[in-house]
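Before any comments, here is the structure.
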Amino acid sequence: MINRVKFAFLISITAILVMLVLIFFKVISVSLGSSFLVATAISLINFSLFMFLFSYSYKKTNKIFLLFTVGGMGVRLFLMLIAVFLSIKFLNVDVVGFIFAFFISYVFLLIYEISIVRFGLEKK
């Protein structure tokens with residue numbers, strides 16, 4: 001399970017570093033690059049919250065595990081909705097690039113969330 005988490009963070013950090021290099025060499029615009037960085041940061045914060053809630057509830061009873069996993073999913077989704085709205089409204093980001101980058105990073109990390117929960121439950 002730890003290897004899966006490390007791999008997800010490694011891929012995300014690598015994508016951020018590649019984007020910073022592309023911005024530095026002026027291959028892409030600063031606006032598009034900042035959109036990508038903000039979207040990826042929001043997704044990584046969401047994934048970190050998932051890991052915290054999952055690791056806390058992993059060895060607990062089924063009721064607590066479901067409360068933190070499913071309830072945490074609802075709270076995290078609401079917090080991400082607020083973060084996306086605030087980012088689009090108040091930050092100078094390219095909206096199309098932001099939504100595209102957010103969708104890709106969110107789906108990538110969501111697949112890893114499902115994989116981690118499935119692997120953890122099989123192991124239990």
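Read the figures in this text as sums done on the coordinates, not as results from a lab. Just so it is clear, the model here is predicted, and its values are computed rather than measured. Backbone-built Cβ (ideal geometry, glycine too); neighbour counts: all protein chains shown.
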### Query
What are the residue pairs meeting all of these: first residue in segment 78-101, first residue hydroxyl-bearing (Ser, Thr, Tyr), second residue not in a helix (DSSP H, G or I), Cβ atoms under 9 Å, and 6 or more apart or on different chains?
Ser87/Val93
### Message
When you check Phe36 against the structure, is it in contact (Cβ under 8 Å) with a residue 60 or more places away in the chain and either out of contact with any Ser or Thr (no Cβ under 9 Å at 6 or more places or on another chain) or within 14 Å of Ile116 (Cα to Cα) (or both), yes or no?
### Response
no
### Summary
Picked from segment 39-53 (must be without any contact (Cβ under 8 Å) to a residue 60 or more places away in the chain and touching a Gly at 6+ places or on another chain (Cβ under 8 Å)), the residue surrounded by the fewest Cβ atoms within 10 Å (Cβ to Cβ) is Leu49
### Message
If a residue must be assigned to a loop (DSSP other than H, G, I, E, B) and either loosely packed, with under 14 Cβ neighbours inside 10 Å or β-branched (Val, Ile, Thr) (or both), how many such residues does segment 76-99 contain?
### Response
3
### Query
Just for segment 1-27: of the residues that are without any contact (Cβ under 8 Å) to a residue 24 or more places away in the chain and surrounded by 15 or more Cβ atoms within 10 Å (Cβ to Cβ), which one is nearest to the chain's Cα centre (by Cα)?
Met19
### Task
Might you check whether a residue that is over 12 Å from the mean Cα position of the chain (by Cα) and either in a helix (DSSP H, G or I) or not aliphatic (A, V, I, L, M) (or both) occurs anywhere in segment 100-110?
yes
### Query
Restricting segment 54-66 to residues that are surrounded by fewer than 20 Cβ atoms within 10 Å (Cβ to Cβ) and within 21 Å of the chain's Cα centre (by Cα), which is nearest to Val96 (Cα to Cα)?
Phe54
